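Notes follow the structure.
The values are calculated or read from the model by the stated rules, or taken from the named source; none is laboratory data. Worth saying up front: this structure is predicted, and the values here are computed from it rather than measured. Positions of Cβ are generated from backbone atoms using ideal geometry, with glycine treated the same way; all protein chains shown enter the neighbour counts. In case anyone asks, the SASA skips ligands and DNA or RNA and just uses the protein heavy atoms, side chains included. Shrake-Rupley method; radii C 1.70, N 1.55, O 1.52, S 1.80 Å.
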Amino acid sequence: MSGFVDYDAFFSIGKFIGVNVVITGNITGTGSQKRLVIKSIDMLTSTILSMEQINL
C-alpha cells in the first residue's frame, strides 16, 4: 500500500515500453526534517545519471 514498486518490476516495465531514462523520487524524514531525493536512472545500464537532494 506504500506505493513502492520493486526495482526489477520497475525496470521490466520501463524496458517494455521503450524508456531510456527514468526519473524517480522519494521524501524521507519526519516533522521539519524532511528531504526530497530525485534520481535519473539509465534504463539500459541501471546506473544513476544524476541525483539531487533538497531539504524541505
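Every residue, every condition in (1) open to solvent by 90 Å² or more (accessible area, probe 1.4 Å); (2) at pLDDT below 90, yes or no:
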{"residue": "13", "(1), (2)": "yes, yes"}
{"residue": "24", "(1), (2)": "no, yes"}
{"residue": "30", "(1), (2)": "yes, yes"}
{"residue": "45", "(1), (2)": "no, yes"}
{"residue": "54", "(1), (2)": "no, no"}
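Limited to the range 7-34, what total is found for residues that are under 22 Å from residue 53 (Cα atoms) and small (Gly, Ala, Ser)? Walk me through how you get there before you give the answer.
The first filter runs over the range 7-34 and keeps only residues under 22 Å from residue 53 (Cα atoms), leaving 7, 10, 21-34.
Keeping just the survivors that are small (Gly, Ala, Ser) gives 25, 29, 31-32.
Number satisfying all stated conditions: 4.
Exactly one of these conditions fails for residue 35: (1) loosely packed, with under 10 Cβ neighbours inside 10 Å; (2) modelled with pLDDT of 90 or more. Give me its number.
Result: residue 35 fails condition (1) only.
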